[in-house]
Amino acid sequence: MIMVMAADHGGYELKNAIKKHLQERGGFQILDLGTNDGEAVDYPEYGKACGDAVASGKAELGIVCCGSGVGISIAANKVKGVRCALCYSEEIARLAKQHNNANILAFGGRMTAPEEACKMVDIWLDTEWAGLTQERHARRVAQLDAL
Ligand code: RB5
């Protein structure tokens, strides 16, 4: 599975921690769009790049990180076909997949510890989308994609 990852200067350390976790977990080809140091960059560019990769099918899933997780999640969600969920708890990670079939997760590098983010990523990856068996969830996600 191809996982695209992108971050600004406020999120690159968390991105890299999650990337290492995914490499250890195995099964992913990681497309890392940067950034990779603390020099200030603009999160809209990175969120859009990640969203474009997922929406175009170049990657199946994505992870974005900025300082709060807010800006880069807004940017990713501007791309049609993206369902980016800003994650801040294990329950949100589970629901983001189960109800919303989120195809990108967003985290705040200044808000969430690496081990917590990695646990949320695992929950997201290991949870099944309820839309596979329940029509109402499939219908609602289809409505999201049509917006
Ligand atoms: C950058 O300082 C910061 O604004 C950015 O990482 C993010 O938190 C925006 O939502």
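Taken together, the values in this text are just the output of simple stated rules run on the coordinates, not laboratory data. Every value quoted in this text rests on a predicted model; they were computed, and no experiment measured them. Using ideal geometry, Cβ is built from the backbone for each residue, glycine included, and neighbour counts are taken over all protein chains shown.
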Notebook entry, point to check: Looking at the chain, which longest stretch skips every one of the trypsin sites (Lys or Arg not before Pro) that is in a DSSP loop with at most 14 other Cβ atoms within 10 Å, leaving the sites themselves out?
Noted result: 1-57
Check: Just from its helices, what would the mean residue ellipticity at 222 nm be for the chain, if runs of 4 or more DSSP H residues each count -39500 (n - 2.57) and the sum is divided by every residue, rounded to the nearest 500 deg cm²/dmol?
Finding: -14500 deg cm²/dmol
Check: Once amide H atoms are placed 1.01 Å from N in the peptide plane, what residues at a sequence separation of 5 or more from Ala106, or on another chain, have their amide H within under 5 Å of its amide H?
Finding: Val64, Ala85, Leu86, Cys87
Item checked: Inter-probe distance in nm under a simple model that places probes 7 Å from Cα toward Cβ, at Glu90 and Met1 -> 1.9 nm
Checklist line | Tail beyond 17 Å, pair distance distribution of the stretch 9-57 (Cα, percent) | finding: 40 percent
Notebook entry, point to check: Can you work out D for the chain in µm² s⁻¹ from Stokes-Einstein, where Rh is the Kirkwood radius over C-alpha pairs, the temperature is 10 °C and the viscosity is 1.306 mPa s?
Noted result: 108 µm²/s
